[in-house]
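The next block holds one structure in the form of structure tokens; read it before the comments.
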Amino acid sequence: MQFPNIDDTIYQRIEALNKRVNSARQADLYYYNQPISELLGGSRVIVKGREMGMYASYSYLGLVGHPRINAAAKDAIERYGTGTHGVRFLAGSLTIHKTLEETIANFKNAEAAVTYTSGYVTNLTVVSTLLGRGDYVISDKLNHASIVDGCLMSGAKFLRFPHNDMDALERRLQQVPAGVAKLVVADAVFSMDGDVIDFPKMVDLCKQYKAWLMIDEAHSVGVLGKTGRGIEEHFNLPGTIDIKMGTLSKTIPSVGGYIAGKMELVEYLRHASRAYIFSAALPPAQAAAANAAFEVILDEPWRVDKLRANSKQFIQGLKMRGFNTLYTQTAIVPVLCGEDEKAYLMTREAQHRDIFVLPVISPAVPPDLARLRATVTAAHEPDDIEKAMNVIEEAGKIVGII
Ligand code: PLP
């Protein structure tokens, strides 16, 4: 089929990708975009009428569907309705946004916080607001796409260093001319690998070279630190991040993103970042849900402990079964498969046995490092985890990975 009046190169691009998707579908190797119809407490879900164990969730503390969080969202709808009057800067700011931002600032041990409508948008707008042409941004090679896009959009000189290699970071810092604005940015926990940035060394280098430090805590809030407050708590280095970025869509069962930091920084972002000024405010139900979720994390500390125990069981169990799980220390557990095809096959075999896992393939990860990106949460019980690992083991033997 041809679209009328459009450029052929664009059409060919669309066709090439769609062909790839269709051939994966025909071979029963396509498991993306499957709608979940019921949550069953989060550790199990209903997909196409079948009950499955969920091992691909970002809801690390098992907070999706928590009654107190649901109730907060319902109350907010009763009080404010479902939308806002527009952008935060004009009529879109509600008291619930202010409450949420104060809650985040307290939770993150910061003076102030500002929220945006997604984590992706937060990285995009914040990096590109703070930096411009002539500045330098230095980024870990495995940083999330939203950071990369923010760096590119900023127009700053974009330097990358090999994953978690602090000597290479230092060499990059030495490349920056004197007197030029520089930002170092990294994920706290890497979203495809589950490993943790060498934070103490990174903090030292930023101090030594007078660089700003921005850390994306999408996968560390609720996961790292005794009370789940993230990487500063984990390493006992309070107050060392200049720009604390996080999402409200993973451990926090809502949607949105935030920056926490010094009052002046937050005030600047409220007046200069385009996603704050030109995009509608977070819906009240989502703001209220996020606010309640931060409170639940502190009121139910057992969740952080249980997540830690479950992660340990999952990592050790998969390693003992012969899988390579790289350097993960968290709830994100890569199960290396090799070529993309093998990751697809592993997914099919696991899903046929009612374990919901998904593959990550190139270009999201380097070629030949395709994997299942499996996760555990605080909602799982040790017996469930054992059964899930048995299924993954069975799949691994069929596909020839172990
Ligand atoms: N940063 C990291 C490290 C992520 O993994 C993600 C989401 O996958 C984002 C940012 C974007 O967050 P959101 O999904 O809330 O837009």
Problem set entry | Candidate set from segment 351-402 (those that are without any contact (Cβ under 8 Å) to a residue 60 or more places away in the chain and open to solvent by less than 10 Å² (accessible area, probe 1.4 Å)); member that is farthest from the chain's Cα centre (by Cα) | 395
Exercise. Can you find even one residue in segment 166-176 that is in a loop (DSSP other than H, G, I, E, B) and away from the ligand (no atom under 11 Å from the Cβ)?
Worked result: yes
Problem set entry | Filtered residues of segment 143-157 (kept if in contact with a strand residue (DSSP E or B) (Cβ under 6 Å, 6 or more places away or on another chain) and open to solvent by less than 60 Å² (accessible area, probe 1.4 Å)) | 143, 147, 151, 156
Exercise. Which one of 184, 180 is assigned by TED's automatic domain parsing to the domain that holds residue 289, assigned to a loop (DSSP other than H, G, I, E, B) and free of Cβ contacts under 8 Å to residues at least 60 places away in the same chain?
Worked result: 180
Exercise. Is it the case that some residue within segment 204-215 is within 30 Å of residue 310 (Cβ to Cβ) and within 16 Å of the ligand (Cβ to nearest atom)?
Worked result: yes
Exercise. Among the residues of segment 130-152, which ones are among the hydroxyl-bearing types (Ser, Thr, Tyr) and either within 14 Å of the ligand (Cβ to nearest atom) or in contact with a Gly (Cβ under 9 Å, 6 or more places away or on another chain) (or both)?
Worked result: 139, 146
Exercise. Going by the structure shown, is residue 276 under 22 Å from the mean Cα position of the chain (by Cα), hydroxyl-bearing (Ser, Thr, Tyr) and away from the ligand (no atom under 14 Å from the Cβ)?
Worked result: yes
Seminar exercise, completed: Cβ pairs under 9 Å, 6+ apart or interchain, first in segment 243-270 and within 9 Å of the ligand (Cβ to nearest atom), second of a type in the set (Lys, Arg), ordered by first then second residue, are 246/108
For this session: Restricting attention to strands (runs of 3 or more DSSP E) lying wholly within segment 34-139, give those where 2 or more residues are among the hydroxyl-bearing types (Ser, Thr, Tyr), on the phi < 0 side of the Ramachandran plot and within 21 Å of the chain's Cα centre (by Cα).
Result: 112-116
Problem set entry | Leading residue by the ranking (farthest from the ligand (Cβ to nearest atom)) among those in segment 116-126 that are touching a helix residue (DSSP H, G or I) at 6+ places or on another chain (Cβ under 6 Å) and over 19 Å from residue 191 (Cα atoms) | 125
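The values are calculated or read from the model by the stated rules, or taken from the named source; none is laboratory data. Quantities reported herein were computed from a predicted structural model and do not represent experimental measurements. Positions of Cβ are backbone-derived with ideal geometry, glycine not excepted, and every protein chain shown enters the neighbour counts. Only protein heavy atoms, including side chains, enter the accessible area calculation; ligands, DNA and RNA are left aside. Shrake-Rupley method; radii C 1.70, N 1.55, O 1.52, S 1.80 Å.
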